[in-house]
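The values are calculated or read from the model by the stated rules, or taken from the named source; none is laboratory data. All values derive from a computational prediction rather than experimental measurement. Here the Cβ is made from the backbone with ideal geometry for all residues, glycine too, and neighbour counts use every protein chain on show. Ligands, DNA and RNA are stripped out before the accessible areas are found, and what is left, the full protein with its side chains, is counted by its heavy atoms. Shrake-Rupley method; radii C 1.70, N 1.55, O 1.52, S 1.80 Å.
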Amino acid sequence: MPEVIFSHDPAKPMAEQNVPGHNRWHPDIPPAASVRSGQEFRVECREWTDGQIGNNDSANDVRDVNINNSHMLSGPIAVEGAEPGDLVAIDIMDLGPIPQQNGPVCGQGWGYSGIFAKVNGGGFLTDYYPEAYKAIWDFHGQETTSRHIPGVRFTGISHPGLFGVAPSHELLGKWNERERALIATDPDRVPPLALPPLVDSTLAGRADEATAARVAAEGARTVPPRENGGNHDIKNFTRGSRVFYPVHVPGALLSVGDLHFSQGDGEINFCGAIEMGGFIDLRVEVIKGGMETYGVHNNPVLIPGRVQPQYSEWLTFIGVSVDHRDNTNYYMDATLAYRNACLNAIEYLKKWGYTGEQAYLILGTAPIEGRISGVVDLPNACCSVYLPTEIFDFDIRPGNGGPVKTDRGQVCVAS
Ligand code: ZN
């Protein structure tokens, strides 16, 4: 096992750890640890909400979740010798749940998946599912099952939902400027168009008081992916992957968190993967001047790992950029097309006795493949969702027998 350079006591929130992490992007958050180019090391991670969600049968905790403290990240980790203009190459050697199983902390043999209420950020289908829901998933080695979604068992593809480097002051200023401009176009929207810096619940690692106040006032929220990486939620960013981040500040300042046991393409229910605390083993290397050499400026580049569940049969649902509720055509809107593909999959799964919420959570957690199929055939963009049929313990394919509708219960609801 590589040396643990950022440890975490599962029983304590991040702010009470010996060396706390952080939950904003800001260049002035001091490093929690440092590593050399070529070094292999382990980082322990909190589940992204810092332990607000319990292993129980109620969605009240998802309904009431405080997302102001999210995502709780481990780091920053300084890479010796990394300078702005370099690329830092990171290998994910391994990752997984907390090694001590059967405990009350998320990641100790279990994880969860939630649908956020519309007033609390919502999800991809929030207009259709505006309330809070939750499912608990038990880990069996690489496989997972849920007592709230019977008849489904699948192999996870574990990955960090969130990984990135610190922005420079200049880059942070650009983010805040453009996101404020976006919010100003519809400031009262629910859910909001973007999340501006917020003092409440800010954690700035080991920063002194004055620095922590600056981080709270200016620090970028961790929800979106940006030029520094961030919340990519790429399911194939799994063990064996190698990612190349542009370096914006001396030491690069890596941070990681929001580990997922499994996730479908799109992470459609927002709190959408199977969330867990755990560990990740990494190796870093500095490529001097790599940003210019390889033309990598705006976003990281990734070589996905060679490991993924070997599902070979799929039922594919298609969506186009039309709002079928009022027969409105939207021009080349791939987001709407993907939403329709998901809604079509949910309608199909309901015929087998799943509730819409159960089906929504299957699409968010199982290793479904999302594809952009066509974005040139005006006026309709076309997207598709590939659902692996082998994850069900019954034959889900259309056929002469028709769907066998069984009572499959329901996910956790809020009281
Ligand atoms: Zn997550």
Exercise for the section: For region 139-210 and region 328-349, write down the distance between their C-alpha centroids in whole Å. Expected result: 24 Å
Handout entry: Computed helical MRE - 222 nm, the chain, DSSP H runs ≥ 4 contributing -39500 (n - 2.57), nearest 500
Key = -4500 deg cm²/dmol
Handout entry: Chain lengthening between T316 and K288 when straightened (0.36 nm per residue, less Cα-Cα)
Key = 5.7 nm
Fill in the blank from the handout: Percent of all alpha-carbon pairs of region 328-389 at distances over 13 Å, whole number, is 62 percent
Practice task
Pop a pseudo-label 7 angstrom from the Cα along the beta-carbon direction at both N60 and R36 and give the gap in nm to one decimal.
Solution key: 5.3 nm
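Going by the alpha-carbon gyration tensor, a ≥ b ≥ c the square roots of its eigenvalues, is region 48-110 rounded (a/c under 1.5) or, if a/c is not under 1.5, prolate (a/b greater than b/c) versus oblate? All intermediate terms of the calculation are to be shown ahead of the outcome.
Values: a/c = 3.90, a/b = 1.87, b/c = 2.09.
Note, shape of region 48-110 comes out oblate.
Relative to the Cα centre, what is the charge dipole magnitude of the chain, using +1 at the beta carbon of each Lys and Arg, -1 at the beta carbon of each Asp and Glu, and rounding to the nearest 20 debye? Don't jump to the answer; show the numbers that get you there.
On the way: 32 positive and 50 negative charges, 97 e Å.
About 460 debye.
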Exercise for the section: Mind jotting down the three principal axis lengths of the chain based on Cα atoms? Whole angstrom, largest first. Expected result: 65, 50, 41
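Cα gyration tensor of region 116-271, axes a ≥ b ≥ c as square roots of the eigenvalues: rounded (a/c below 1.5), prolate (a/b > b/c) or oblate?
Here region 116-271 falls in the oblate category.
State to the nearest 20 debye the size of the charge dipole of region 314-409 about its Cα centre, where the only charges are +1 on K and R beta carbons and -1 on D and E beta carbons.
On the way: 8 positive and 11 negative charges, 29 e Å.
That gives region 314-409 a dipole magnitude of about 140 debye.
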Handout entry: Computed E for E143/V404 - FRET, C-beta separation, R0 30 angstrom, nearest 0.05
Key = 0.80
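Calculate the FRET efficiency for W352 and L193 from the Cβ-Cβ distance with a Förster distance of 45 Å, rounded to the nearest 0.05. Write down the numbers at each step before the final one.
Details: r = 37 Å, r/R0 = 0.81.
Efficiency, from the Cβ-Cβ distance: 0.80.
What does the accessible area per residue of the chain come to in Å², with a 1.4 Å probe and no ligands, DNA or RNA counted? Can you show the working numbers first?
Numbers: 16920 Å² over 415 residues.
Spelled out: the 1.4 Å probe surface of the chain, per residue, equals 41 Å².
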Exercise for the section: Could you check the simple spin-label distance between N299 and R397, using points 7 Å along Cα→Cβ, in nm with one decimal? Expected result: 3.5 nm
Practice task
Any chance you could list P(r) for region 235-355, counting all Cα-Cα pairs in 10 angstrom bins from zero, rounded to whole %?
Solution key: 10, 27, 29, 22, 10, 2
Problem - Packing rank of 306-319, 58-71, 207-220, where each peptide gets the mean count of other beta carbons within 10 Å, highest leading - result: 58-71, 207-220, 306-319
Fill in the blank from the handout: With Cα springs under 10 Å, the Gaussian network model of the chain assigns the largest mean-square fluctuation among G374, G161, G96 to G374
Exercise for the section: Work out, step by step, the length gained on full extension between V4 and Q101: first 0.36 nm times the residue separation, then minus their alpha carbon distance; give nm to one decimal. Expected result: 33.0 nm
Completion exercise
When the charge dipole of the chain is computed with +1 on Lys and Arg Cβ and -1 on Asp and Glu Cβ about the Cα centre, the Cα farthest towards its positive end, among G161, G277, A414, belongs to A414
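Suppose the chain between K12 and E83 were pulled fully straight at 0.36 nm per residue; how much longer would it get relative to their current alpha carbon spacing? Don't jump to the answer; show the numbers that get you there.
Numbers: separation 71, 0.36 × 71 = 25.56 nm, distance 3.43 nm.
Here the answer is 22.1 nm.
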